[in-house]
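Values in this text are rule-based calculations from the coordinates and carry no lab data. This is a predicted model, so every value here is computed, not measured. A quick note on method: Cβ atoms are made from the backbone with ideal geometry, for glycine too, and the neighbour counts reach across all protein chains shown.
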Amino acid sequence: MDLVLIEALGVDTVIGVYDWERTITQRLVLDLELATDIRPAAADDDIALTLDYAAISEHIADFAARHDFALVETFAERLADTLRQAFGIAWLRLTVRKPGAVSAAAAVGVRIERGTRPEAT
């Protein structure tokens, strides 16, 4: 098993439980690990045979722009579902951080894993 990485992807979305948060967009920072086998793509030097991180990043930005949630947990869960369906991802680890949400912390957030992690080959 191999992992495609997307690190520190910033997206703007409406997120938060307070009334004032429902009237603005806020930045979320995402890290993703996506399980795949890169060997076919590497053998043929063909992006169509792997997870296209540019397409996935665009999908995430579009998702963030189209949706608003109260909880970071909900954002993470729904995003993981849509990524797995849209790109056929068997397993992913997604970290969603909300910088500045707690003044004493650089960021707060959640980390989830969804799907079945393939065995290393």
### Members of region 75-121 found to be part of a loop (DSSP other than H, G, I, E, B), touching a Pro at 6+ places or on another chain (Cβ under 9 Å) and either of a type in the set (Asp, Glu) or touching a residue at least 12 places away in the same chain (Cβ under 8 Å) (or both), listed by number
Ala90
## Note on the structure
Reported set for region 96-114 where residues are within 20 Å of Met1 (Cα to Cα) and either in contact with a Gly (Cβ under 8 Å, 6 or more places away or on another chain) or surrounded by 15 or more Cβ atoms within 10 Å (Cβ to Cβ) (or both) is Arg114
## Note on the structure
The condition from (1) assigned to a helix (DSSP H, G or I); (2) exposed (fewer than 15 other Cβ atoms within 10 Å of the Cβ) that Ile60 misses is numbered (2)
### Summary
Reported set for region 16-65 where residues are within 25 Å of Ala106 (Cβ to Cβ) and small (Gly, Ala, Ser) is Gly16, Ser57, Ala61, Ala64, Ala65
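Based on this model, can you work out whether Leu34 counts as in contact with a strand residue (DSSP E or B) (Cβ under 6 Å, 6 or more places away or on another chain), assigned to a strand (DSSP E or B) and surrounded by 15 or more Cβ atoms within 10 Å (Cβ to Cβ)?
yes
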#### Entry: Residue among Tyr18, Tyr53 that alone is surrounded by 14 or more Cβ atoms within 10 Å (Cβ to Cβ) and among the aromatic types (Phe, Trp, Tyr)
Tyr53
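Would you check which residues across region 64-74 are in contact (Cβ under 8 Å) with a residue 24 or more places away in the chain and of a type outside the set (A, V, I, L, M) and list them?
His67, Asp68, Phe69, Glu73 - these are the residues of region 64-74 that are in contact (Cβ under 8 Å) with a residue 24 or more places away in the chain and of a type outside the set (A, V, I, L, M).
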